[in-house]
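Q: If you scroll down you'll find the structure; I have some questions about it.
The values are calculated or read from the model by the stated rules, or taken from the named source; none is laboratory data. Because the structure is predicted, anything quoted here is derived from the model rather than measured. Positions of Cβ are backbone-derived with ideal geometry, glycine not excepted, and every protein chain shown enters the neighbour counts. In case anyone asks, the SASA skips ligands and DNA or RNA and just uses the protein heavy atoms, side chains included. Shrake-Rupley method; radii C 1.70, N 1.55, O 1.52, S 1.80 Å.
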Amino acid sequence: MFANPSSQKYSALAALFAATFILTSCRTPPEALMSAHTRETATPIRKTAITPTIAVIPRPASVAFTGETFTLTADTQIFVEPDSPELLAVGQYLAERLRPATAYPLPMQAATGAPPPGSIYLTTSGSDPTLGEEGYELTVTPQAVILSAPYPAGLFWGIQTLRQLLPPAVESLTPQAGPWTLPAGTIRDWPRFPWRGMMLDVSRHFFGPAEVRRLIDLLALYKINRLHLHLSDDQGWRIEIRSWPNLAFHGGSTQVGGGPGGYYTQEEYADLIAYARSRYIIIVPEIDMPGHTNAALASYPELNCDGVAPPLYTGTEVGFSSLCLEKEVTYRFVDDVVSEIAALTPGPYFHIGGDEAMATPLPQYIAFVERVQHIVQSHGKQMIGWEEIAQASLLSTSIAQVWHGGMGREAVRQGNRVIMSPAFKAYLDMKYTPDTPLGLHWAGYIEVRDAYEWDPATVAEGIGEEHILGVEAPLWTETIQTMADIEWMTFPRLMGYAEIGWSPASGRDWEEYRSRLGRHGSRLEALGVNFYRSPQVPWE
Ligand code: ACM
């Protein structure tokens with residue numbers, strides 16, 4: 001990505017933005033576009049004024065409260081039905097979230113017969129199939145909490161809503177005073193888009209498994225279901241590849257500024273995938289190529305056209321490196337890397353990067369993307385690439401990730417689906433204001449309102465709802481060194497992206513959102529999140 005705001009690249013890109021993105025604030029998409037991704041079979045979406053005490057983010061599709069309450073007590077039990085390992089794990093997850101702050105035992109078991117009054121009941125049996133793969137229905141009465149979904153993922157997302165209906169102190173890891181009341185009523189909810197992602201660049205600065213796990217837990221609370229890991233770049237190679245061990249040993253040995261860097265062993269990476277899976281989050285691996293490859297080129301001389309390995313790189317310029325596309329060994333390298341990562345990856349995606357290949361001649365670049373696309377497919381994965389890949393002829397399953405807009409249209413013209421990450425709205429590494437100590441500003445300043453008030457289906461000319469798989473917010477880490485830095489740049493903007501990806505576009509309103517967001521301040525505090533207290537938000 002562009003790291004030097006004073007460079008010529010910045011002005012070129014700014015011009016591109018103006019030309020390709022529709023530079024207006026969010027407007028409601030026409031009905032024709034609305035229907036493409038909103039479920040046609042569900043109950044019609046009601047425009048819901050969420051009462052001031054209810055602060056669920058992302059805003060549920062439909063909400064009706066009765067004014068009564070359910071209170072969690074020391075006698076509350078959690079039941080799941082049917083008796084399956086996956087549902088028991090989801091029930092266990094709920095119990096583990098609620099036990100520390102309430103100090104209640106909350107025993108969890110498979111239901112046999114009708115659960116006793118006062119219980120929480122999670123079920124997939126007899127649930128409304130029109131809620132889809134991730135939808136759920138949460139019914140709270142003074143006597144019981146019933147969470148029902150056709151699939152376990154829906155139960156998991158419904159649990160996030162349940163957490164948010166409880167007082168913020170429930171997120172605390174030490175016992176807190178109750179009462180632990182939930183508003184009674186019914187929420188029927190399902191996502192607008194199947195892809196609601198965040199990207200973390202672990203190459204410019206490395207972040208270890210414990211940090212990634214903490215991030216996964218925070219993403220889950222807001223129903224984010226993809227974590228894209230940018231695993232390689234000029235400054236570092238971050239995953240063990242057994243057939244090319246020097247990538248991690250040497251290529252992973254430093255980072256921006258010259259720190260020690262690091263990498264995930266395959267075992268650590270597999271554990272991260274499993275952890276994310278237990279939170280219904282798919283990890284999307286990215287190996288950026290043919291540019292952004294200095295760490296690989298420094299690790300193996302044969303990948304360079306001149307056969308000479310360059311030194312490791314710890315600066316922040318972009319666009320200077322390229323794999324040698326004339327050499328067969330390059331394709332063996334790509335095949336080996338994709339093969340090893342694909343074998344670790346239960347998810348269907350492999351991201352090949354493909355951005356900013358300024359050091360690669362265009363005809364070679366195009367041939368490379370087309371060849372790599374088949375390598376990815378041969379290992380059973382669907383290729384994703386930054387929008388530049390749309391200069392190549394794409395397989396119908398390939399996905400382009402839009403970050404500046406112009407080439408995204410080309411992907412759409414080819415009939416491919418896109419993920420929307422417009423830099424001037426969705427890049428988490430952009431500063432909030434000129435005073436933000438971290439981050440860059442080549443795509444502009446992105447305050448909390450700017451991050452919220454746009455719509456993926458209207459932000460770029462020629463790209464509409466029916467072309468869009470979802471939204472993703474990337475965090476590039478040239479200036480981001482610690483977990484506290486990650487949290488500061490990510491929260492609260494990510495909550496807005498979560499709502500853009502999940503909630504119906506109609507009725508999304510900044511004034512209503514900012515008061516709801518304000519009520520998450522104490523929840524984020526209880527979670528220990530280092531978030532930016534934007535003056536645009538009435539924090540409570
Ligand atoms: C990018 O920001 N280079 C995708």
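Q: Considering each of 118, 113 in turn, give the residue that is on the phi > 0 side of the Ramachandran plot, part of a loop (DSSP other than H, G, I, E, B) and either open to solvent by 50 Å² or more (accessible area, probe 1.4 Å) or among the charged types (D, E, K, R) (or both).
A: 113
Q: Listed residues 508, 514, 519, 493; which is among the basic types (Lys, Arg) and surrounded by 23 or more Cβ atoms within 10 Å (Cβ to Cβ)?
A: Of the residues listed, the single one that is among the basic types (Lys, Arg) and surrounded by 23 or more Cβ atoms within 10 Å (Cβ to Cβ) is 493.
The rows are residues; the columns are (1) among the β-branched types (Val, Ile, Thr); (2) closer than 29 Å to residue 483 by Cα.
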| position | (1), (2) |
| --- | --- |
| 410 | no, no |
| 415 | no, no |
| 424 | no, yes |
| 437 | no, yes |
| 446 | yes, yes |
| 449 | no, yes |
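Q: With within 16 Å of the ligand (Cβ to nearest atom) and either open to solvent by 10 Å² or more (accessible area, probe 1.4 Å) or of a type in the set (A, V, I, L, M) (or both) as the only criterion, which of 286, 302, 317 stands out?
A: 317
Q: So, in the range 381-395, of the ones that are of a type in the set (A, V, I, L, M) and open to solvent by 10 Å² or more (accessible area, probe 1.4 Å), which residue ends up nearest to the ligand (Cβ to nearest atom)?
A: Restricting to residues being of a type in the set (A, V, I, L, M) and open to solvent by 10 Å² or more (accessible area, probe 1.4 Å), the top hit is 394.
Q: If the requirement is being among the hydrophobic types (A, V, I, L, M, F, W, C), part of a helix (DSSP H, G or I), more than 16 Å from the ligand (Cβ to nearest atom) and buried (at least 17 other Cβ atoms within 10 Å of the Cβ), which of these qualifies: 350, 368?
A: 368
Q: Suppose we keep only residues that are surrounded by fewer than 19 Cβ atoms within 10 Å (Cβ to Cβ) and touching a residue at least 24 places away in the same chain (Cβ under 8 Å) within the range 129-143. Which one would you say is nearest to the chain's Cα centre (by Cα)?
A: Only one residue tops the list, namely 133.
Q: Moving on. Of all residues in the range 460-475, how many are within 16 Å of the ligand (Cβ to nearest atom), of a type in the set (A, V, I, L, M, F, W, C) and in contact with a Phe, Trp or Tyr (Cβ under 7 Å, 6 or more places away or on another chain)?
A: Of the residues in that region, 3 qualify.
Q: Right, another one. Report, by residue number, each residue of the range 305-330 that is within 15 Å of residue 361 (Cα to Cα) and either free of Cβ contacts under 8 Å to residues at least 60 places away in the same chain or over 28 Å from the mean Cα position of the chain (by Cα) (or both).
A: Correct list: 305, 320, 322, 323, 324, 325, 326, 327.
Q: Separate question: For residue 143, which of the numbered conditions (1) in contact with a Ser or Thr (Cβ under 6 Å, 6 or more places away or on another chain); (2) at pLDDT 95 or above fails to hold?
A: Of everything listed in (1) in contact with a Ser or Thr (Cβ under 6 Å, 6 or more places away or on another chain); (2) at pLDDT 95 or above, residue 143 misses just condition (1).
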